[in-house]
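Presented below is the structure to which this report refers.
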Amino acid sequence: MKKHNHKALGLWALCLSVIPAISFAQGSIHGTEVDSKQQSKPNIVFIFSDDAGYGDFGFQGSKVIKTPNLDQLAHEGVRFEQGYVSDPTCGPSRAGLLTGRYQQRFGFEENNVPGYMSKNSALDGDEMGVPVEEKMMADYLKEQGYTSAYYGKWHVGGADKFHPLNRGFDEFYGFRGGARSYFAYDEGKAPSKLELMERNFAQYQEPKEYLTDELADEAIDFIERSTEAEKPFFVFLSFNAPHTPMEATKEDLAKFPNLTGKRKTVAAMMYAMDRASGKVLDTLKRLGIEENTLVVFTNDNGGPTDMNASDNFPLSGTKSNHLEGGVRVPYVMKWPGVFDHGTTYTHPVSTLDLLPTFFAAGGGDTSTLENIDGVNLIPFVQGTLQDAPHEFLYWKKDTRATVRAGNWKLMRFPDRPAELYYIDNDEKEFRDVAAENPELVKMLFKKIFEWESTLERPRWLLERKFENYDIDRMDHYWQKPSDGKESEGKLLIRPASAH
């Protein structure tokens, strides 16, 4: 595979580069647009998995999990070695992706899970959503003449005002909450309204087959209708696989005779998700529109190993923490004729970048986008712009916060001093070098504070015990060689729906 390589930043070089603040990151969004002759309103298909492990794909090195269709997509497109989400949990990650903005800017800092919130939380229940004043991905694409559809898990607001049809999408078949069964609920048996499958607005219709397959079938129907109408389309296919509950078909379970327990089930769920993705990708070929379609695949956060037996190898950490295994995700783009076949991009990128990238792909002028943290990746992937898309990337949850600057990563904790890692040669985050670089630590600590000063206060708060749990979970899946011991026992598992 071809690689767009870059030199690692040394300590002194970084110290010089940090001083100009965030002007580079803000300016890089206004990079070169796609030449109008190269694009005739390409279709956009975005495939999004939920709680998949970083290492649980063939193209990520797995020898156990079978993902041939996504492997082929990665082989034919661009694989981003350092793709990041804006948060290591479901709801906030989606809020950032859909708006192209750090979700903390509008108070969406904590996961929105009704029933698990602090009694002092300002909001709870259906009211926990992306404020209606925030423009979303489909709003921007509608301005470019796109018809948009959303299929699957929503999780950015349960109230009607937050509904996908009120956020720029033209069609919807999915559920408003964060998790549900993969099989149809009997009438009146769904645990909550947020788990009901809904067609467009309030037309409740449970799936007739395994949900992962049904979501793909719905997307295919939309693609076929849009192609016949000769209209550019945007599909957001938001699988809930392999998020809990752990449910798979007997046929898919039989594909993994050598596995047992949750690992067997997650393998079957991943296999089904890959099969469903393959059906969508095959449809693009069958209809003769593959060459004029931008396809993107990624995942919402690191795998929650304790919940669904996902594997984030070779990274440390899990969903809900800021270790690489919590915030780094598989990330693939394919756009024939625009991006080179079978390439690897090595600079850090973010799911915040998808909105401006899609907007630019559709012919939009990204210089007109206001207050967007994401960057149009097209000129970077094409090689027109050689620098890294981002000077800084940030993460925050409660008192925990992290900044990535070049290859340096500083993490701030509530229960220990801040730690510094050089990711280029320590992606497992085993060697804390904070003591050797006190001035750099001070500088990056200050950068976090400066960024935090631009954010809104959280609109809702989870119960404090979940923050304590996240720290324990992080430590459990961050066994450094210096610890002198292997993981001992099993982690106490709290209710799965809280994260």
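The values are calculated or read from the model by the stated rules, or taken from the named source; none is laboratory data. Predicted model, so just to flag it, every value in this text is computed and none were measured. Ideal geometry is used to build each Cβ from the backbone, glycine not excepted, and the neighbour counts take in all protein chains shown.
Things to note:
- Exclusive hit being part of a loop (DSSP other than H, G, I, E, B), of a type in the set (Lys, Arg) and under 28 Å from Tyr345 (Cβ atoms), set Arg101, Arg94: Arg101
- Residue within the range 263-273 that is of a type in the set (S, T, N, Q) and in contact with a strand residue (DSSP E or B) (Cβ under 6 Å, 6 or more places away or on another chain) present: no
Results for (1) surrounded by 22 or more Cβ atoms within 10 Å (Cβ to Cβ); (2) touching a helix residue (DSSP H, G or I) at 6+ places or on another chain (Cβ under 6 Å); (3) on the phi > 0 side of the Ramachandran plot; (4) in a helix (DSSP H, G or I), shown as yes or no for each residue.
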| residue | (1), (2), (3), (4) |
| --- | --- |
| Asp221 | no, no, no, yes |
| Pro257 | no, no, no, no |
| Asp274 | yes, yes, no, yes |
| Glu291 | no, no, no, yes |
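- Qualifying residue in the range 197-212 (condition: over 23 Å from Asn69 (Cα atoms) and at pLDDT below 95): yes
- Tabulated pairs, the range 116-135, first in a loop (DSSP other than H, G, I, E, B), second modelled with pLDDT of 95 or more and among the hydroxyl-bearing types (Ser, Thr, Tyr), C-beta under 6 angstrom, 6+ apart or interchain: Glu134/Thr99
- Among (1) without any contact (Cβ under 8 Å) to a residue 60 or more places away in the chain; (2) of a type in the set (A, V, I, L, M, F, W, C); (3) in a loop (DSSP other than H, G, I, E, B), the one test that Leu165 misses: (3)
- Inside the range 436-458, residues that are of a type in the set (A, V, I, L, M), in contact (Cβ under 8 Å) with a residue 60 or more places away in the chain and not in a loop (DSSP other than H, G, I, E, B) make up a count of 3.
- When the test is whether a residue is crowded, with 17+ Cβ neighbours inside 10 Å, among the small types (Gly, Ala, Ser), touching a residue at least 12 places away in the same chain (Cβ under 8 Å) and assigned to a loop (DSSP other than H, G, I, E, B), Gly152 does not pass it.
- Residue in the range 234-255 that is nearest to Tyr173 (Cα to Cα), counting only those that are part of a helix (DSSP H, G or I) and in contact (Cβ under 8 Å) with a residue 12 or more places away in the chain: Asp252
- Residues of the range 38-78 classified as among the charged types (D, E, K, R) and surrounded by fewer than 23 Cβ atoms within 10 Å (Cβ to Cβ), total: 5
- Condition broken by Gly158, with the remaining ones in (1) crowded, with 20+ Cβ neighbours inside 10 Å; (2) touching a helix residue (DSSP H, G or I) at 6+ places or on another chain (Cβ under 6 Å); (3) farther than 23 Å from Ala241 by Cβ satisfied: (3)
- Looking only at the range 182-213, residues that are crowded, with 18+ Cβ neighbours inside 10 Å, in contact (Cβ under 8 Å) with a residue 24 or more places away in the chain and more than 18 Å from Tyr150 (Cβ to Cβ) come to 2 in all.
- Of the residues making up the range 33-49, none is at pLDDT below 95, within 22 Å of the chain's Cα centre (by Cα) and among the hydroxyl-bearing types (Ser, Thr, Tyr).
- Among residues of the range 55-81 that are under 21 Å from Phe239 (Cα atoms), those with a Cβ under 6 angstrom from a residue that is small (Gly, Ala, Ser) and in a helix (DSSP H, G or I), sequence gap 6+ or separate chain, pair up as Phe59/Ala74; Ile65/Ala267; Thr67/Gly58; Asn69/Ser277; Asn69/Gly278; Leu70/Ser277; Asp71/Gly58.
- Hey, Leu461 in contact (Cβ under 8 Å) with a residue 24 or more places away in the chain, crowded, with 17+ Cβ neighbours inside 10 Å and more than 21 Å from the chain's Cα centre (by Cα) or not: yes
- Candidate set: the range 225-255, residues that are among the charged types (D, E, K, R) and at negative phi; chosen: the one surrounded by the fewest Cβ atoms within 10 Å (Cβ to Cβ): Lys250
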